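Shown next, in structure tokens, is the structure this report addresses.
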Amino acid sequence: MDLSLNEKRLLVALKGRKAVSVAEIAKELGATEEATLQYAHLCSGRGLAEVTREVRTRYTLTAEGKTYAAAGGLPERQLRDSFTGSIPVKDLQRHPMARIGIGWMKKKGWVSLEGGTVEKTGNAPRGPDEEALTAPDPSGEGAAMLAARGVLEPQETVMYRVGLTAAGKSLLESGLDLREEVGTLTREMIVSGVWKDLPLRRYRVDTPPRRVYPGKVHPYQVLMEEMRMILLEMGFTELYGDIVQSAFWNFDALFQPQDHPAREMQDTFYLGHTEPLPPGADRVREMHEKGGGIDSTGWGGTWNNGKAEQCVLRTHTTLLSIQHLALHPDPPVKAFAIGRVYRREAIDPTHLPEFEQLEGIVMDRGVNFRHLLGYLREFYTRMGFPEVRFRPGYFPYTEPSVEPEVYVEGLGWVELGGAGIFRKEVTAPWGIEHPVLAWGLGVSRVAMLRLGLRDLRELYRSDIGWIRDTPSAGFLAPDRARKPQE
Amino acid sequence: MPVISLNYDYLERLVGTDRETLLSRLPMLGSDIERLEKDHVDVEFFPVRPDLFSTEGVAHAMRGFLGIETGLRDYPVRPSGMSFSVDPALGSIRPFLGSAVIRNLHLDPDAILSLMGLQEALHWAVGRGRGKVAIGVHDLDRVTPPFRYLAAPRDRSFVPLDFDRPMTMEQILTDHPKGVDYAHLVRDFPRFPLIVDSRDQVLSFPPIINGELTRVTERTRNILLDTTGTDLRAVMTAVKILCAALAETGATLETILIDGTPCPDLSPAVRVVQVKECAELLGIELTASGMATLLQRMRFGAGTDGKDRVRVQVPCYRADILHDWDIFEDVAIAYGYDRFEPALPPVFTIGHEHRVMKESAALRGIFTGLGYQEVMPFTLSSEAILFDRMRRPRSEEVLPVLHPISEDHTVVRTEILPLLLETLEVNRHRELPQRIFAVGDVVKGCHNERHAAAVSLHPAADYSEAYAHSDACAREMGLSFTMEDSSDPAFLEGRRARVVAGGRPVATFGEIHPDVLTAFGLEHPVAALEFVVTGAPGSRGRPGIPSPDGR
């Protein structure tokens, strides 16, 4: 049993005695009453001692009571002793105790009052209240009488007694090591080896510790690192690029028509800044207007340079893919990006003006639609969504397009992103001759499912309490995708 | 995207099958089921398929998809003998006109609802909010051909739809609800577009409002369609889609001569596509006849052209077919997305981390090692937070967003530190000490810069803590550096410094100025530091155009 030295000393002090007051034991141990009581409770918790609590009422003289005691008695006694036989009321009223004493004398039947004269009756024996004035007995009626008159006041005191239990007694019989305990193990003790003979203080191992919070990576970042690892393991090259992009890269290079609703001011953050068009822009123009020599009709109309030069906060990471392909038109290419994108949305639980998107592309000879589905299934499975199904979809820059859905317990089929094969109108201007499988994924949507969040804002609001309470990297198991708690 | 309400009874009647079959197959045709109601289902179709924006159009497609009736639908069109003239003065206002005559209509309430929904969806998807194309539908029997589309004086008056008194076109722009909504489309023109008949009665003031005269009701039997706009292809697409949808209800179509040319032209476009190219793109085995059968289910006309090619007739309403691959997608949809066997190709590549991401991960390691917790604040902020609250002068390098959505999000951050102080502000009720950091992009001018910043908030936070941690961070980054005095007003004088490496400042740190603390509602000292990662000589990551191999 992990008894502290203090507990042991208390037990020893109790040896062979009945219950003793804690105050008394404290004196013997040379400790404070509070500390001694704590040792007693610890021993009691182990079943070695029994602590009893007694509440006592003690009476003390009030200020009024003290003057009576000093003057030798209650007012009525002082008054009765001040005359013999009888006395005119007028004369008795000069006595300092007259105001209170006359009434009490009459009430106790010590005097009679007739025709302005006070006359003693009987011999006025000393009552219990008078005894209580000199020695108040808490249980006697006298003390209660005086308390009612405001001469005495009651005070409650709590007294603890501690005594050994049978278990305590038998432990004492088996003997206790009473040497001083060592708290801190010092260098000297270790080096000299004396620690072997020292009683090391034992800790109570189940008391709550002081809580500390390790430095850690944000749970959302942990998930993004996990996605990066999956793609790196699958042989993808990571892309990184500017947040500010020309509309050319953000829209036109992806064959998004210039009058597409997504390009309007209501949906996209435009900046009051323009970027000159890159080499190759004329081929993109040709594609938009006439279909650029690949037997496409193009969008028709006139493609406007000015619209393409305007800068925007990128609305997706797909532009990083086409920029990369423009630099690397030869197969094979496998690349991905995870980055922040911007949409002109008012903030609510499911919409934010900025969030993360994941982007992946595969370009090689002979890759096809089934391979796209294969990559999607592989990636989603590794992300913790083993059930994947595919539906037709529409995205301006892919054909065929597909909307992958994953099954989430409690939610059913959830759409997490989009995918497809880049249109020839997108790839041809950059001399890319082989199919480009491409997919995008709403990273924050995955994070909400994996972290069990209902409100997208929680990812960015950075509640320190939530971050402290969310388990660390590596312990967010892939099967943690779940329905947010109601 | 447009959401179309499909009435079960009407759809079942038009397709000739039960609702369970319809509901289970609709998604595989390419739609999102939004809501299932008792008598109808709300379905979202892709914006490039306006031909599916009506119950009639969906029924036509579903009959093919389910194999009930496949192949190209023939739209017999005969001349109406009517004509339309276009005023050349419209050339700079709203030059293009499309039109058609539809006879023998029997519009029950379901059909009228569907037609109105289609018109609205077309205005959105093809018309781009009526700017590019606007559609008018008129009771033909109330007016007399020939019709004229002209540029009229702005004070010309007529009785607009839903009103019982004549108004001038200028008054309509200010007093009629539709006029108010769409005034921006015509307001700046000296004359306004107007459609009148031979007796000078007004049919329409496109793209704003029709006249009350030609209102369509359940009793209407014959219709005159007009589509006007700024893009010829879109104007014709709208006419074709409306004609195709109305033909589904059993109506008959007639052409009208627009300046001598018959409209609409509902003949299919022809494309000859390669079977091999399609099979390779989709990764499935295909024969020419098999592919033709699949395309017929998507309502294309299709026949083999030798054993390697298929001759495809693209229905007039399929404005989304720009290229052969658009046809191949329809082959895939008819084949069934659920029938494709996913496969992984043997593409051998070696993965590369991007340098910036690698360095960011390393920085996360350094700061968590020093006991900091990562936070991920927004990158959108405001100049009030970034500069005013920080006691820093407003910077030239910041690019304001043109139409911010709130005053808290007007610029992209140029520093991370202010966002961290904001994070401390919202966490004031949390236990101290609070040590948080963030690694991420800021934007200077047009380009990203990767920064890492950290703050420590507790009663004993001071310069020494910021110094020790900045020193540790600089050493861990492998920098060869010196410390020098800083004049950054966000920090207390005499308790602020810079890390200088390779002759340039790469970090600022110190004790945050009490005025800054007060501005963020903080009551304890804060030790803070911010490193520029991509600018540092130790860093090999570069912002801007993605570094291709990550090295």
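The values are calculated or read from the model by the stated rules, or taken from the named source; none is laboratory data. These figures come from a predicted structure and were not determined experimentally. Backbone-built Cβ (ideal geometry, glycine too); neighbour counts: all protein chains shown. In case anyone asks, the SASA skips ligands and DNA or RNA and just uses the protein heavy atoms, side chains included. Shrake-Rupley method; radii C 1.70, N 1.55, O 1.52, S 1.80 Å.
Structure above, values below:
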{"item": "Condition met for B:L246 (open to solvent by less than 50 Å² (accessible area, probe 1.4 Å), touching a Cys at 6+ places or on another chain (Cβ under 6 Å) and either within 14 Å of chain A (Cβ to nearest Cβ) or within 19 Å of B:V143 (Cβ to Cβ) (or both))", "result": "no"}
{"item": "Exclusive hit being among the polar types (S, T, N, Q), modelled with pLDDT of 85 or more and either within 60 Å of the chain's Cα centre (by Cα) or more than 30 Å from A:S170 (Cβ to Cβ) (or both), set A:T52, A:T157, A:T84", "result": "A:T52"}
{"item": "Among residues of the range A:189-211, those that are within 19 Å of A:G45 (Cβ to Cβ) and open to solvent by less than 100 Å² (accessible area, probe 1.4 Å), counted", "result": "1"}
{"item": "Condition met for A:T268 (open to solvent by less than 10 Å² (accessible area, probe 1.4 Å) and modelled with pLDDT under 95)", "result": "yes"}
{"item": "In the range A:404-438, the residues that are under 17 Å from A:H316 (Cβ atoms), under 39 Å from the mean Cα position of the chain (by Cα) and within 11 Å of another protein chain (Cβ to nearest Cβ)", "result": "A:P404, A:E415"}
{"item": "Within the range B:280-337, tally of residues that are more than 9 Å from chain A (Cβ to nearest Cβ) and of a type in the set (A, V, I, L, M)", "result": "14"}
{"item": "Of all residues making up the range B:378-392, the number that are open to solvent by less than 10 Å² (accessible area, probe 1.4 Å) and facing chain A (nearest Cβ under 10 Å)", "result": "2"}
{"item": "Tally of residues being out of contact with any helix residue (DSSP H, G or I) (no Cβ under 9 Å at 6 or more places or on another chain), more than 10 Å from chain A (Cβ to nearest Cβ) and open to solvent by 40 Å² or more (accessible area, probe 1.4 Å) across the range B:393-427", "result": "3"}
{"item": "Within the range B:493-506, tally of residues that are of a type outside the set (V, I, T), within 15 Å of B:E465 (Cα to Cα) and surrounded by 19 or more Cβ atoms within 10 Å (Cβ to Cβ)", "result": "4"}
{"item": "Residue satisfying all of: in the range B:4-51; within 21 Å of B:L242 (Cβ to Cβ) and among the polar types (S, T, N, Q); least open to solvent (accessible area, probe 1.4 Å) among these", "result": "B:S31"}
{"item": "Residue in the range A:440-462 that is within 13 Å of chain B (Cβ to nearest Cβ), open to solvent by 10 Å² or more (accessible area, probe 1.4 Å) and basic (K, R) present", "result": "yes"}
{"item": "Hits in the range B:271-312 - residues which are basic (K, R) and either open to solvent by 50 Å² or more (accessible area, probe 1.4 Å) or under 21 Å from A:H434 (Cα atoms) (or both)", "result": "B:K276, B:R297, B:K307, B:R309, B:R311"}
{"item": "Answer residue from the range A:302-323, given it is in a loop (DSSP other than H, G, I, E, B) and within 14 Å of A:V284 (Cβ to Cβ) and is nearest to the other protein chains (Cβ to nearest Cβ) among those", "result": "A:T302"}
{"item": "Given (1) among the aromatic types (F, W, Y); (2) modelled with pLDDT under 90; (3) surrounded by 12 or more Cβ atoms within 10 Å (Cβ to Cβ), index of the condition A:Y240 fails", "result": "(2)"}
{"item": "Residue list for the range B:1-49, restricted to those being in a loop (DSSP other than H, G, I, E, B) and touching a Leu at 6+ places or on another chain (Cβ under 7 Å)", "result": "B:T17"}
{"item": "Residue, surrounded by the fewest Cβ atoms within 10 Å (Cβ to Cβ), within the range A:357-393, restricted to residues that are within 9 Å of chain B (Cβ to nearest Cβ) and of a type in the set (D, E)", "result": "A:E378"}
{"item": "Residue count for the range B:72-98, restricted to those that are closer than 12 Å to B:L266 by Cα and of a type in the set (A, V, I, L, M, F, W, C)", "result": "2"}
{"item": "Options A:A147, A:A167: the member that is touching a residue at least 12 places away in the same chain (Cβ under 8 Å) and in contact with a Phe, Trp or Tyr (Cβ under 7 Å, 6 or more places away or on another chain)", "result": "A:A147"}
{"item": "Out of B:S480, B:S486, sole residue that is of a type in the set (S, T, Y), open to solvent by 20 Å² or more (accessible area, probe 1.4 Å) and either more than 24 Å from A:R468 (Cα to Cα) or more than 45 Å from the chain's Cα centre (by Cα) (or both)", "result": "B:S480"}
{"item": "Selection status of A:G292, at the interface with another protein chain (Cβ under 10 Å from one of its Cβ atoms), surrounded by 17 or more Cβ atoms within 10 Å (Cβ to Cβ) and part of a loop (DSSP other than H, G, I, E, B)", "result": "no"}
{"item": "Filtered residues of the range B:324-333 (kept if surrounded by fewer than 22 Cβ atoms within 10 Å (Cβ to Cβ) and not charged (D, E, K, R))", "result": "B:I333"}
{"item": "The range B:338-377 - residue that is modelled with pLDDT under 95 and in contact with a Pro (Cβ under 8 Å, 6 or more places away or on another chain) and, of those, farthest from the other protein chains (Cβ to nearest Cβ)", "result": "B:F348"}
{"item": "Which listed residue, of B:S395, B:S360, is of a type in the set (G, A, S) and in contact (Cβ under 8 Å) with a residue 40 or more places away in the chain", "result": "B:S360"}
{"item": "Test: residue in the range B:140-161 that is aromatic (F, W, Y), out of contact with any Asp or Glu (no Cβ under 9 Å at 6 or more places or on another chain) and in contact (Cβ under 8 Å) with a residue 60 or more places away in the chain", "result": "no"}
{"item": "Whichever residue in the range A:252-265 is surrounded by fewer than 20 Cβ atoms within 10 Å (Cβ to Cβ) and modelled with pLDDT of 90 or more and, among such residues, is farthest from B:P47 (Cα to Cα)", "result": "A:Q258"}
{"item": "Inter-residue pairs, beta-carbon under 6 Å, first without any contact (Cβ under 8 Å) to a residue 40 or more places away in the chain and in the range A:108-127, second open to solvent by 80 Å² or more (accessible area, probe 1.4 Å), 6+ apart", "result": "A:S112/A:E119"}
{"item": "Failed item, numbered, when A:W299 is tested on (1) open to solvent by 40 Å² or more (accessible area, probe 1.4 Å); (2) in contact with a strand residue (DSSP E or B) (Cβ under 9 Å, 6 or more places away or on another chain); (3) of a type in the set (A, V, I, L, M, F, W, C)", "result": "(2)"}
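Condition check ((1) open to solvent by 70 Å² or more (accessible area, probe 1.4 Å); (2) under 33 Å from the mean Cα position of the chain (by Cα); (3) away from chain A (no Cβ under 14 Å); (4) not basic (K, R)) across all residues:
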position	(1), (2), (3), (4)
B:G129	no, yes, no, yes
B:R148	yes, no, yes, no
B:A152	no, no, yes, yes
B:T168	no, no, yes, yes
B:G179	no, yes, yes, yes
B:V216	no, yes, yes, yes
